[in-house]
Amino acid sequence: MVGMVIRTAAFAVFFVAIALGPASAQQRQHQPGRFDFYVLALSWSPSFCKDTEERGREAREQCGGRPYSFVVHGLWPQYERGFPRDCQVPAPRLNRNIMTSMLDLMPAPRLIYRQWDSHGTCSGLAPQAYFDLLRKARAAVTIPQAYAAPEATLTVTPDEVEEAFVTANPGLARNAIAVTCGGTRLGAVRICMSKDLRFRECAEVDRRACRRDKLTMPPIRGG
C-alpha cells in the first residue's frame with residue numbers, strides 16, 4: 001500500500017511537471033531583455049492606406065496628405081526561433097512627449113503605443129532608450145532611391161526589392177532581409193539586426209518572406 005501511494009505521488013509530480021514545464025519555459029522566454037536580435041520592420045505606407053480604404057476604414061494620421069513611403073512599423077526583439085511579446089503586463093506607461101517625438105517615423109499615435117506595449121517592453125530598455133534605439137536603427141538603413149518617393153504604381157518582385165536594399169546598404173546580405181506581402185501588394189521590408197544594430201542573418205525571418213512572383217507598390221500619397 002505504501003509503495004502504491006509513493007508511486008501515485010511520483011506520477012502526480014511527474015504530470016504536474018509536464019503540465020507546468022512549457023508554461024515555465026514560456027514565462028522565461030518572455031523576460032525583458034532576453035532575446036537574440038532585432039527585426040526592423042519598414043512598412044510600405046501606400047499599401048497600408050490602400051488596404052485601409054478597401055476595408056472602409058480611416059487612418060487619417062498616416063493616410064492624409066503627407067507623402068509617406070516606408071515608415072517604421074516597429075523594432076522587434078526576436079529569438080532565433082519565435083519572438084517574445086507583451087513582456088510586461090500592464091506595460092510601463094509611455095510618456096506622451098516620447099510618443100509625439102516619434103511621429104516623423106511612425107505616423108500614428110496608436111501604432112507607437114502598441115509597439116511599445118507589445119515589443120518595446122521585451123527590449124529590457126526604458127521607453128526613451130528603446131525609441132532612441134529604434135531611431136538609430138532606422139538611420140542605419142538607406143532606402144533605395146527607386147522607392148524613396150514613387151509617383152506611379154511600381155510592379156516589382158520580392159527579389160528585386162531585396163536586391164535593391166542589399167545594394168543600397170553595404171554589409172546587408174540577402175539572408176538578413178525579408179519582403180512581406182499583403183495580397184498582391186508589397187507589405188513591408190524586415191531587416192535583421194544584432195543588439196548593437198549590425199546587419200545579421202535570420203533564417204526563420206527569411207523563410208517567412210513573400211513568395212509571390214509579382215507585387216505592386218502603390219505610389220506615395222499627397223506630395
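The values are calculated or read from the model by the stated rules, or taken from the named source; none is laboratory data. This is a predicted model, so every value here is computed, not measured. Cβ placement follows ideal geometry from the backbone for every residue including glycine, while neighbour counts extend to all protein chains displayed.
Residue 203 - would you say it is loosely packed, with under 13 Cβ neighbours inside 10 Å and either more than 21 Å from the chain's Cα centre (by Cα) or closer than 30 Å to residue 32 by Cα (or both)?
yes
Results for (1) in a helix (DSSP H, G or I); (2) surrounded by 14 or more Cβ atoms within 10 Å (Cβ to Cβ); (3) over 16 Å from the mean Cα position of the chain (by Cα); (4) not hydroxyl-bearing (Ser, Thr, Tyr), shown as yes or no for each residue.
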| site | (1), (2), (3), (4) |
| --- | --- |
| 112 | yes, yes, no, yes |
| 117 | yes, yes, no, yes |
| 130 | yes, yes, no, no |
| 180 | no, yes, no, no |
| 186 | no, yes, no, yes |
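Regarding residue 134, is this residue of a type in the set (A, V, I, L, M, F, W, C), modelled with pLDDT of 95 or more, within 16 Å of the chain's Cα centre (by Cα) and crowded, with 17+ Cβ neighbours inside 10 Å?
For residue 134, the condition - of a type in the set (A, V, I, L, M, F, W, C), modelled with pLDDT of 95 or more, within 16 Å of the chain's Cα centre (by Cα) and crowded, with 17+ Cβ neighbours inside 10 Å - is met.
Can you pull out every residue in the range 158-184 that is within 20 Å of residue 148 (Cβ to Cβ), touching a strand residue (DSSP E or B) at 6+ places or on another chain (Cβ under 6 Å) and aliphatic (A, V, I, L, M)?
Hits for the range 158-184 are 161, 172, 177, 179.
Has the range 60-82 got any residue that is assigned to a strand (DSSP E or B) and among the small types (Gly, Ala, Ser)?
Yes.
Of the conditions (1) modelled with pLDDT of 95 or more; (2) surrounded by 14 or more Cβ atoms within 10 Å (Cβ to Cβ); (3) not aromatic (Phe, Trp, Tyr), residue 100 satisfies every one except a single condition; which number is it?
(2)
Kindly indicate whether any position in the range 117-138 is in contact with a Ser or Thr (Cβ under 6 Å, 6 or more places away or on another chain) and farther than 20 Å from residue 187 by Cα.
Checked against the condition, which is being in contact with a Ser or Thr (Cβ under 6 Å, 6 or more places away or on another chain) and farther than 20 Å from residue 187 by Cα, the range 117-138 yields at least one hit.
Let me confirm something: among 83, 11, which residue is aromatic (Phe, Trp, Tyr), farther than 28 Å from residue 216 by Cα, surrounded by 10 or more Cβ atoms within 10 Å (Cβ to Cβ) and at pLDDT below 95?
11
Could you go through the range 72-80 and let me know if any residue there is surrounded by fewer than 19 Cβ atoms within 10 Å (Cβ to Cβ), under 24 Å from residue 195 (Cα atoms) and among the aromatic types (Phe, Trp, Tyr).
yes
Please specify each residue of the range 145-178 satisfying the condition of being surrounded by fewer than 18 Cβ atoms within 10 Å (Cβ to Cβ), polar (S, T, N, Q) and more than 27 Å from residue 65 (Cα to Cα).
Those that are surrounded by fewer than 18 Cβ atoms within 10 Å (Cβ to Cβ), polar (S, T, N, Q) and more than 27 Å from residue 65 (Cα to Cα): 157, 167, 175.
Against the definition (more than 21 Å from residue 194 (Cβ to Cβ) and touching an Asp or Glu at 6+ places or on another chain (Cβ under 6 Å)), how does residue 67 come out, yes or no?
Here the answer is no, as residue 67 does not meet what is asked.
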